[in-house]
Amino acid sequence: MPAIILVGAQWGDEGKGKITDLLAAQVDVVARYGGGDNAGHTVVVRGERFALHLIPSGVLHPGTECILGSGMVINPARLVQELDGLTARGVDVSRVRVSSAAHLIMPWHLALDEAQEAARGGAQIGTTRRGIGPAYADKAARTGIRVGDMLDDKHLAATILARAEEKRPVLRAYGLPEPGVDAIILQYQEYAARLRPHIADTVRLVHQRLAEGKTILCEGAQGTLLDLDHGTYPYVTSSSPIAGGALTGLGIGPGHVSRVIGVAKAYSTRVGMGPFPTELTDDIGEQLVVIGGEYGTTTGRRRRAGWLDMVALRYAVQVNGITELALTKLDVLGAFPQIKVCVAYRCKGERLTDFPTDARTLALCEPEYETLPGWQSEISHVRSRQALPPAARAYVAYLEHRLGVPVRIISVGPERDETIVEARP
Ligand code: IMP
C-alpha cells in the first residue's frame, strides 16, 4: 500500500509545511524522515499561525498519526517544548511517535556547531546552529546517543557520561567549556520521562500501517540542493532530504512508493551561504523577499531570493524521481510585469543545461533567462486552474512542458484553502 514522498525541490523553504498540512487530510500517517529542528514549517489554520520544527504539520489534523523517523536528529528540549506548546493550544499530541533509532542532539553538538562555524571564518556554511552537523557526524562515527537510549535511566546516564568523556578533548580544542555532565544527565532524564510514551519502533509501526492499507505521507525537510550527497556540498545540511532519504530514514523499500511530490516555489530562495546562480540583489530581489515574506521560520534570517531556476529544478526532478509538482507562492509573482526563468547557465564560455553540483563550478555560473509575461494581479481568491489569469496559466504550463512533470497543486496564498488542488489543464 502506498507511501507518498514529499520533497523540497530547491534549497528548502519551498512551503512543504502547507502542502503536508493539505495532504494530511487525505492520509493516515505523516512521517518525517530526516533533519531536525533546523527545519521550520509555518502553517496557517483559520488565521492561527503554527510554527513547527520537529513534529510533522500533520499533527494539526485530528486523527492523523505523526512519526519522527529514524533518519532524524532530535533535540529533546525542542521536542518537549513543541509537544507542550501544541497541547496548550488544544492539539492532541498522543498521536506523535518518535523512532527509538533517531539520534539525540546533545548540548555539546550545539556548542560545536557554533564553534565550528566561527572557526570557518569567511567560509561559513551559515548553519542554523541547531547542532545538526555535529549530531549527524557522531551518528556516522558511531558515537551518537539514540532516542532509544532514553528508555532506561541508568543506561542513559552511563551513555551520556561515556560520550561526554569522549567529547572533552574536542571541546577543549575549540576553547569550549567542559560539559556539566551531572546537570546534562538530570536534564536528559527529565526529557526521557516526558518523551517515553512517544518512543516507538517506528519501522514496525510504518509496516503495520502499510499492511493495514493505510497511506503514509513521508514528509521531507530542507531541500534537494541541501542534500549531503546531491546538493551543493559543502553548503548543504548533514542529512538526505531527497526521496531516497525517505526510504532509509523510515525503513521502507521503493516498491511502497506510489508518488513523489516535489514542492517548488514559483521563484527561488536560499538561506545560508553557498552558490545561488539566479540570486537577485536588486529591487526585484527585495520585492520577492518583502512580498513573499522570505524570513526563516527557524532563525528569522532574511532569505536570499531570485528567479526560478529550471536547471536546478530539472536536476531535482531527476534525483528524486518526482512524479508531480506542487507549485507554491505563485501569488507572489503577481507583482511583476515580466517574469524571468533560468533555462541554462553560462560557465567559462560554455552553455550548461545540466546542474553542476560542484559548488565552485556553480559559483561561476551565470543564468541564461527566458522572459515570460506577468499577470500583475491578485490571484489568492482563485480556486481553479482555469480561473487563473492567462499569463499565470501559461507560466505553469511552461514549467510542466520544460520539466516533463505535471503541476498538481498550486498554492496562491498562505491559508490552507488558498490552494488549487489537482490542477490539470
Ligand atoms: P544545518 O542544517 O543547520 O547544518 O545548516 C546547513 C545549511 O542548510 C545552511 O545553509 C542552512 O541555512 C540550511 N538549512 C537547514 N535547514 C534548512 C531549512 O529547513 N530550510 C532552509 N535551509 C535550511
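The values are calculated or read from the model by the stated rules, or taken from the named source; none is laboratory data. Predicted model, so just to flag it, every value in this text is computed and none were measured. Neighbour counts are summed over all protein chains in view; Cβ atoms, including those assigned to glycine, are modelled from backbone coordinates with ideal geometry. Please note that ligands, DNA and RNA were not included when accessible areas were found on the heavy atoms of the full protein model with its side chains. Shrake-Rupley method; radii C 1.70, N 1.55, O 1.52, S 1.80 Å.
Structure summary
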{"read-out": "Enumeration of residues in region 268-299 that are within 15 Å of the ligand (Cβ to nearest atom), open to solvent by less than 20 Å² (accessible area, probe 1.4 Å) and either hydrophobic (A, V, I, L, M, F, W, C) or under 24 Å from Arg314 (Cα atoms) (or both)", "value": "Ser268, Thr269, Arg270, Gly272, Gly274, Pro275, Phe276, Val289, Gly292, Glu294"}
{"read-out": "Criterion: under 23 Å from the mean Cα position of the chain (by Cα) and either part of a helix (DSSP H, G or I) or without any contact (Cβ under 8 Å) to a residue 40 or more places away in the chain (or both) - qualifying residue of Asp182, Asp149, Asp229", "value": "Asp229"}
{"read-out": "Positions within region 310-335 being away from the ligand (no atom under 15 Å from the Cβ) and out of contact with any Leu (no Cβ under 9 Å at 6 or more places or on another chain), in sequence order", "value": "Gln318, Val319, Asn320, Gly321, Thr323, Glu324, Asp331, Gly334"}
{"read-out": "Every pair of residues 6+ apart whose Cβ atoms lie under 8 Å, when the first sits in region 396-418 and is under 29 Å from Arg49 (Cβ atoms) while the second is among the basic types (Lys, Arg) and surrounded by 20 or more Cβ atoms within 10 Å (Cβ to Cβ)", "value": "Ser411/Lys18; Ser411/Lys329; Pro414/Lys18; Arg416/Lys18"}
{"read-out": "Qualifying positions in region 357-395 - open to solvent by less than 40 Å² (accessible area, probe 1.4 Å) and under 30 Å from Tyr233 (Cα atoms)", "value": "Ala359, Thr361, Leu362, Cys365, Pro367"}
{"read-out": "Members of region 25-56 found to be in contact with a Cys (Cβ under 9 Å, 6 or more places away or on another chain) and not in a strand (DSSP E or B), listed by number", "value": "Tyr33, Ile55, Pro56"}
{"read-out": "Members of region 275-313 that are part of a helix (DSSP H, G or I), within 17 Å of Cys342 (Cβ to Cβ) and under 19 Å from the mean Cα position of the chain (by Cα)", "value": "Ala312, Leu313"}
{"read-out": "Hits in region 323-341 - residues which are over 23 Å from the mean Cα position of the chain (by Cα) and part of a strand (DSSP E or B)", "value": "Gln338, Ile339, Lys340, Val341"}
{"read-out": "Number of positions in region 68-102 that are among the hydroxyl-bearing types (Ser, Thr, Tyr) and assigned to a strand (DSSP E or B)", "value": "1"}
{"read-out": "Tally of residues being closer than 14 Å to Gly17 by Cα and assigned to a helix (DSSP H, G or I) across region 396-425", "value": "0"}
{"read-out": "Residues (open to solvent by 40 Å² or more (accessible area, probe 1.4 Å) and either of a type in the set (D, E, K, R) or in contact with a Ser or Thr (Cβ under 9 Å, 6 or more places away or on another chain) (or both)) located in region 166-208", "value": "Glu166, Arg168, Arg172, Glu178, Asp182, Glu190, Arg194, Arg196, Pro197, Asp201, Val203, Arg204"}
{"read-out": "Any hit, region 28-39, residues being modelled with pLDDT of 95 or more, away from the ligand (no atom under 16 Å from the Cβ) and within 18 Å of Gly244 (Cα to Cα)", "value": "yes"}
{"read-out": "Selected residue (criterion: nearest to the ligand (Cβ to nearest atom)) from residues of region 216-235 that are open to solvent by 10 Å² or more (accessible area, probe 1.4 Å) and farther than 23 Å from Thr42 by Cβ", "value": "Tyr235"}
{"read-out": "Subset tally (residues that are of a type in the set (Ser, Thr, Tyr), modelled with pLDDT under 95 and open to solvent by 10 Å² or more (accessible area, probe 1.4 Å)) for region 40-79", "value": "1"}
{"read-out": "Total residues in region 81-129, condition aliphatic (A, V, I, L, M), within 16 Å of the ligand (Cβ to nearest atom), free of Cβ contacts under 8 Å to residues at least 40 places away in the same chain and under 27 Å from Arg196 (Cβ atoms)", "value": "1"}
